Amino acid sequence: MSNPSEAELIHRFKGISFTTRSSPELLKSLDSFDAREDDVLLVSYPKSGTHWLAGVITKLYNTQVILTSPIEFGDISKLEELNKLSSKRIIPTHLDYNMLPPNFKNKKCKMIYISRNPKDTAVSMYHYYRDNPNLPTIDTWTAFFDLFLKGDVVCGSWFDHFLSWEEHANDKNILFLFYEDMKKDLPKIVKQISLFLGLNVSDNDIQDICRKSSFSEMKSDTEKENNDPSHTVCALTSNRKLIFRKGAVGDWKNHFTPKQNRRFEEIFNEKMKLSKMAKSLTY
Ligand code: A3P
């Protein structure tokens with residue numbers, strides 16, 4: 001049996017590609033979502049470390065929260081289902097700032113945005129596309145590279161996503177994080193997250209959370225959890241092996257040709273010329 005065609009897997013909403021797992025009706029009704037003041041949003045462009053951050057946050061709360069699937073994944077009944085949850089909700093999303101349900105903004109819900117060097121993000125997304133039957137077939141890295149630069153991938157352009165959130169990086173209810181900083185000094189970032197969330201967590205607990213959140217620990221949990229769909233934040237796969245791939249900084253160097261790197265840098269410099277935070281991204 002051949003793979004589903006791109007048209008069967010992808011549709012566009014407000015110019016951005018979504019998979020058919022995000023129904024147009026759901027996307028249209030996001031604006032009416034009734035947020036709660038204590039909701040916490042976990043925001044990312046795909047492949048930026050969403051699962052890692054989700055693991056840290058749920059451990060910080062010590063299971064007193066419900067981690068939902070991304071708000072934009074599902075059909076029209078999704079918002080109703082979220083409404084029915086009685087516990088505090090940790091809600092992931094890959095939406096850019098402009099598409100976020102306005103109620104989250106009006107109620108000043110806490111939001112944690114995680115970003116990652118877009119070159120590594122592109123490579124991670126390439127592998128994810130290649131091995132995921134719920135995404136269009138990608139023949140080569142070169143083909144994917146072009147699509148990524150054009151923003152013609154699920155969740156749209158990395159550049160637009162980052163810029164839409166960077167504009168709000170200094171809002172009091174938003175914490176802006178980088179994957180590379182988590183790799184460099186996880187305890188420091190976990191402490192920062194706990195303070196932002198107003199949680200009182202001992203240094204011992206922070207050490208323990210960091211130990212349990214290492215790539216090797218999280219990857220080995222994968223095998224134990226036996227592909228249970230409820231164990232992935234991502235609604236496009238229940239296969240955690242697709243999520244915990246390599247967990248490294250700088251894997252782009254194994255994929256980019258020198259020419260691709262020059263082209264990427266050119267586009268990056270042009271698109272990010274007004275960005276203050278882009279410089280923090282590791283190159
Ligand atoms: P790679 O494909 O480069 O390995 P997301 O959760 O947003 O889908 O991001 C997935 C990326 O985060 C993958 O990158 C994955 O390996 C990495 N990742 C997941 N858990 C990690 C951890 N505990 N430490 C470091 N990287 C992690």
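Read the figures in this text as sums done on the coordinates, not as results from a lab. No experiment lies behind these values; they were computed from the predicted model shown. Ideal geometry is used to build each Cβ from the backbone, glycine not excepted, and the neighbour counts take in all protein chains shown.
A few notes on this one:
- The charge dipole of the chain, taken about its Cα centre with unit charges on the Cβ of Lys, Arg, Asp and Glu (plus for the first two, minus for the last two), comes to roughly 640 debye.
- Taking amide hydrogens as placed 1.01 Å from N in the peptide plane, the amide H of LYS110 sits under 5 Å from those of LEU41, each at least 5 positions away in sequence or on another chain.
- Karplus (6.51, -1.76, 1.60) ³J(HN,Hα), θ = phi - 60°, over segment 103-113, in Hz, Gly and Pro reported as x: 4, 5, 6, 4, 8, 6, 4, 6, 9, 10, 9
- Annotation note: trypsin sites (Lys or Arg not before Pro) in segment 230-262 located in DSSP loop regions with a Cβ neighbour count of at most 13 within 10 Å are LYS246.
- Overall Cα dimensions of segment 5-157, principal axis frame, Å, largest first: 45, 32, 25
- Relative to its Kirkwood radius, the Cα radius of gyration of the chain gives an Rg/Rh of 0.93.
- At full extension, VAL249 and LYS279 could sit 9.2 nm farther apart than now, given 0.36 nm per residue minus the alpha carbon distance.
- Between ARG211 and LYS188, the contour length at 0.36 nm per residue exceeds the alpha carbon distance by 7.0 nm.
- Taking 0.36 nm per residue of sequence separation and removing the Cα-Cα distance, the ASN83/GLU6 pair yields an extension gain of 24.5 nm.
- Derived scalar couplings between HN and Hα for segment 52-59 equal 4, 5, 4, x, 4, 5, 5, 5 Hz in order, rounded to whole Hz, by the Karplus curve 6.51 cos²θ - 1.76 cosθ + 1.60 (θ = phi - 60°), x for Gly and Pro.
- Phi-based couplings in Hz for segment 201-208 (Karplus 6.51, -1.76, 1.60; Gly and Pro marked x): 10, 6, 4, 4, 5, 4, 4, 5
- Each peptide in 71-80, 208-217, 119-128 receives the mean, over its residues, of other Cβ atoms within 10 Å, and ordering these scores from highest gives 119-128, 71-80, 208-217.
- Most tightly packed first, judged by the mean number of other beta-carbon atoms within 10 Å of their residues, the peptides 271-279, 21-29 read 21-29, 271-279.
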